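Asker: Dumping the structure here so I can ask a few things about it.
The values are calculated or read from the model by the stated rules, or taken from the named source; none is laboratory data. Everything quoted here is computed from the prediction, not taken from an experiment. When we count neighbours, we look across all protein chains shown, and the Cβ atoms used for this are built from the backbone with ideal geometry, even at glycine. What goes into the accessible areas is simple: the full protein's heavy atoms, side chains included, and nothing from ligands, DNA or RNA. Shrake-Rupley method; radii C 1.70, N 1.55, O 1.52, S 1.80 Å.
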Amino acid sequence: MPKQNADEIFKEFKEHSISEFFRRNSQMLGYSGKVRSLTTIIHEYVTNSLDACEEADILPEIRVEIRELGENKYSVLVSDNGPGIPSKLAGKALATVLAGTKFHRYKQQRGQQGIGAAGCTLFSKITSGKSVHIAAGTSREKYECDITIDIKSNKPLIENMGELQGEVSGTAIRADFGDVKYENSDHGVYEYIKRTALSNPHITITLLAPDGKESTFPRATSELPKKAREIKPHPLGVTTNDVLEFAHRSEAKKSSQFLLETFSRMSPGKIEETKSIVKDLDLEQNPHSITWDTAEKLVSAFKQIKWMVPEMDSLSEIGEKQIEVAMKNILNPSFASVTARKPKVFRGGIPFVVEAGIAYGGNSGKPKEAPKGEGEAEMQISEGNVLRFANKVPLLFDASNCAITEAVKGMDWKRYSIANFDEEPISVFVNVSSVYVPYSGVGKQAISQEEEIIGEIKLAVQDCARSLQRHLSGIRNQNLRESRYKAIMIYVKQLSGDLAEITGAKREELEKSLKKLVEERYLLNPEGASASPAEEKAEGVEDAPSGQ
Ligand SMILES: Nc1ncnc2c1ncn2[C@@H]1O[C@H](COP(=O)(O)OP(=O)(O)O)[C@@H](O)[C@H]1O
Ligand SMILES: [Mg+2]
């Protein structure tokens with residue numbers, strides 16, 4: 001059999017660009033399934049708008065418009081009142097995979113890798129053949145242009161650049177997509193936007209759906225969330241690869257300086273301790289010469305040293321009050337309870353914090369409309385009443401792999417007076433915040449099942465569930481009393497008539513005193529009784545979203 005030699009085989013040897021890679025593996029970016037793909041697109045644009053507004057201290061106002069162009073073809077417009085994108089960088093921002101302002105920041109943000117926006121441009125190109133249109137206004141300029149991505153080179157192609165007149169501030173991106181579908185389900189855009197409003201009570205967000213229905217979720221508070229602070233990584237939270245990357249990127253002249261500048265809780269004393277364990281570490285040497293072997297030894301030495309706990313103020317939580325206001329604003333429940341845990345660490349050195357809330361009654365529970373799936377596997381798992389969030393971003397897919405699902409579904413809900421968790425009007429809200437959220441897949445839709453994280457989620461949800469249980473048993477006792485009262489009152493009329501005949505006393509008076517007696521015994525115990533939803537609703541909270 002004639003064999004090909006290496007030269008012949010390697011004639012075909014080619015290099016591919018990163019966008020070529022994602023063109024072939026778009027499912028890695030969340031583009032799998034028509035409904036999920038559309039939700040991914042909205043997620044990417046909306047999170048970028050939120051990140052940008054947050055950075056610029058602007059109360060976000062976001063508008064999402066989706067129009068149907070044909071079967072499985074839609075046009076999407078997302079606009080915000082953020083700082084805008086300078087025209088010089090628009091191409092890179094929207095059409096270069098792995099380009100962005102948020103790289104290498106050890107800071108809690110929604111975006112991180114510079115894949116989102118360019119991923120949308122790429123997906124638009126490969127499913128519609130069209131460019132993406134951007135109109136933006138910064139403090140210096142107002143412009144519009146069409147941008148697409150040259151897949152071979154991972155470079156932007158810009159056309160029709162022009163100046164814009166009038167009031168333009170912020171960013172508006174319009175793009176066409178094929179292979180997507182708008183659907184009202186647990187996994188659809190409406191649900192995504194509703195949950196984004198739940199976890200970001202300071203935003204106003206509007207959705208114009210393909211059927212022309214417009215829904216606005218008005219902000220429930222004008223308080224901007226606490227800004228996340230950039231921190232240095234803790235020695236216990238890094239891998240060999242991290243250390244090597246930090247070392248090779250470092251501008252420090254000596255390795256000792258590199259250690260001091262790079263890691264939190266590092267001190268001259270700790271450097272000495274490290275050196276005493278990693279004998280071949282040359283503190284005088286340039287950090288660029290640190291090898292994989294040394295980096296590995298450093299990581300293992302870090303594990304033997306006693307460190308102060310990581311800085312916790314890098315975290316930006318939603319806030320107990322804010323969650324409560326948001327739940328009341330959107331779910332209009334008859335009962336709500338929220339618990340925020342104190343920050344903890346996982347894997348030894350990565351800070352995280354869990355917030356949880358339970359809403360009961362009103363619009364809590366599974367969405368009324370049953371999901372009409374398109375056969376995607378995750379469609380079968382209804383997670384309508386577990387609202388999962390990571391860094392305030394709703395997680396709509398891969399529920400079965402998620403630490404939040406594991407913790408919530410693993411609880412014995414009967415102990416909290418919830419006989420049938422899936423069917424009752426209960427919504428459980430969980431937000432996990434961290435500089436480094438450990439996602440269990442590239443789609444970033446599930447939190448990996450780290451023991452410490454599951455433990456904290458359980459404690460937070462259990463705390464809310466105990467309050468719910470007290471509330472429910474209060475109602476139950478009240479209901480019991482009420483039904484006894486009603487049963488006895490049937491006889492009061494009869495009895496007072498009979499007694500009046502026997503004793504000659506006045507019937508009305510007998511009835512009055514008997515009634516009073518029964519009331520005292522079985523009713524009028526307002527403590528523990530439920531207030532009506534309207535009474536419990538926070539003051540000053542605007543009404544539930546219009547249009548739905
Ligand atoms: N709406 C927006 N307003 C301002 N800047 C934006 C907006 N959308 C995207 N950008 C910029 O484009 C960059 C790339 O976005 P993206 O590809 O989603 O990556 P990432 O969000 O991970 O940084 C962002 O880092 C940001 O600088
Ligand atoms: Mg992004």
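Asker: Give me the residue from segment 384-440 that is in contact with an Asp or Glu (Cβ under 9 Å, 6 or more places away or on another chain) and of a type in the set (Gly, Ala, Ser) and, out of that set, surrounded by the fewest Cβ atoms within 10 Å (Cβ to Cβ).
Answerer: 400
Asker: Right, here's the next one. Looking at 284, 311, which is the one that is more than 30 Å from residue 217 (Cα to Cα) and in contact with a helix residue (DSSP H, G or I) (Cβ under 8 Å, 6 or more places away or on another chain)?
Answerer: 284
Asker: What is the residue count in segment 441-451 for residues that are surrounded by fewer than 17 Cβ atoms within 10 Å (Cβ to Cβ) and closer than 18 Å to residue 389 by Cβ?
Answerer: Quick first cut of segment 441-451, residues surrounded by fewer than 17 Cβ atoms within 10 Å (Cβ to Cβ) only: 441-442, 448-449, 451.
Of the ones still in play, those that are also closer than 18 Å to residue 389 by Cβ are 441, 448-449.
Of the residues in that region, 3 qualify.
Asker: Considering only residues that are open to solvent by 20 Å² or more (accessible area, probe 1.4 Å) and more than 19 Å from the chain's Cα centre (by Cα), look in segment 185-215 and name the one that is nearest to residue 79 (Cα to Cα).
Answerer: 208
Asker: Further question: Among the listed residues 134, 62, 66, 147, which satisfies the condition of being more than 8 Å from ligand 1 (Cβ to nearest atom), touching a Phe, Trp or Tyr at 6+ places or on another chain (Cβ under 7 Å) and at pLDDT 95 or above?
Answerer: Residue meeting the stated conditions: 66.
Asker: Considering segment 145-161 alone, what residues qualify as being exposed (fewer than 15 other Cβ atoms within 10 Å of the Cβ) and out of contact with any strand residue (DSSP E or B) (no Cβ under 8 Å at 6 or more places or on another chain)?
Answerer: Once the filter is applied, which keeps residues that are exposed (fewer than 15 other Cβ atoms within 10 Å of the Cβ) and out of contact with any strand residue (DSSP E or B) (no Cβ under 8 Å at 6 or more places or on another chain), segment 145-161 yields 152, 153.
Asker: Residue 134 - would you say it is β-branched (Val, Ile, Thr), assigned by TED's automatic domain parsing to the domain that holds residue 71, open to solvent by less than 20 Å² (accessible area, probe 1.4 Å) and within 24 Å of residue 57 (Cβ to Cβ)?
Answerer: yes
Asker: Consider segment 225-240. How many of its residues are modelled with pLDDT of 90 or more and surrounded by fewer than 20 Cβ atoms within 10 Å (Cβ to Cβ)?
Answerer: Adding up the residues that qualify gives 1.
Asker: Among the residues of segment 315-358, which ones are open to solvent by 20 Å² or more (accessible area, probe 1.4 Å) and hydroxyl-bearing (Ser, Thr, Tyr)?
Answerer: Hit for segment 315-358 is 334, nothing else.
Asker: Can you go through 449, 462 and tell me which one is in contact with a Ser or Thr (Cβ under 8 Å, 6 or more places away or on another chain) and touching a residue at least 40 places away in the same chain (Cβ under 8 Å)? Working first, answer last.
Answerer: On the way: 462 fails: in contact with a Ser or Thr (Cβ under 8 Å, 6 or more places away or on another chain).
Within the list 449, 462, the selection yields 449.
Asker: Which residues, counting only those in segment 267-314, are open to solvent by 40 Å² or more (accessible area, probe 1.4 Å) and of a type in the set (A, V, I, L, M, F, W, C)?
Answerer: If the condition is that a residue be open to solvent by 40 Å² or more (accessible area, probe 1.4 Å) and of a type in the set (A, V, I, L, M, F, W, C), then 277, 292, 308, 309, 312 are the ones that fit.
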